[in-house]
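Notes to accompany the following structure.
Bear in mind these aren't lab numbers, they're just calculated from the coordinates by the rules spelled out. Bear in mind the structure is a predicted one, so any value in this text is a computation, not a measurement. Positions of Cβ are backbone-derived with ideal geometry, glycine not excepted, and every protein chain shown enters the neighbour counts.
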Amino acid sequence: MSFAVAIAACNESLEERAEREAREYTERYCPTPVVNNSRTDSVAFEKATKTYTYYCTLTGAYDNQAFISEYGQELDQRLAKTISEDTSIEKLKAAGFRFRFIIHSEKEPSLLLYDKTITADEYLRKP
């Protein structure tokens, strides 16, 4: 049985693997515990656009539009830097994958606080 799984994994494209791993991560770990006033609710991957999407929720002191208005650009830069420095996703970055972060309010779940897609141009940019 494990041989068949290994053979199937060898035939899996990078995009198929990303889609499977996003689904498995969501099933296994989401929602994550709240850390630093945020949690990850789910992760998805869209093959057509090569985009990993992280659906998150802000809680506590960060759960407000004023916080995002004040720190949104810094958040953009930190996310791009985090992706740039993450050695565990080198193959994804080399393939030009995009990383999107959609963040909602815990107090008002329908309130979109932040929606940013980090592209290769951003995470490969040298400071």
Would you tally the residues in segment 61-114 being of a type in the set (Gly, Ala, Ser) and within 22 Å of THR49 (Cβ to Cβ)? 6
Any chance ARG98 is charged (D, E, K, R) and crowded, with 18+ Cβ neighbours inside 10 Å: yes
Any residue that is within 24 Å of GLU122 (Cα to Cα), more than 15 Å from the chain's Cα centre (by Cα), touching a residue at least 24 places away in the same chain (Cβ under 8 Å) and surrounded by fewer than 18 Cβ atoms within 10 Å (Cβ to Cβ) - is there at least one of those in segment 22-45? no
Tell me, please, whether a residue that is aliphatic (A, V, I, L, M), more than 21 Å from GLU19 (Cβ to Cβ) and buried (at least 18 other Cβ atoms within 10 Å of the Cβ) can be found in segment 84-93. no
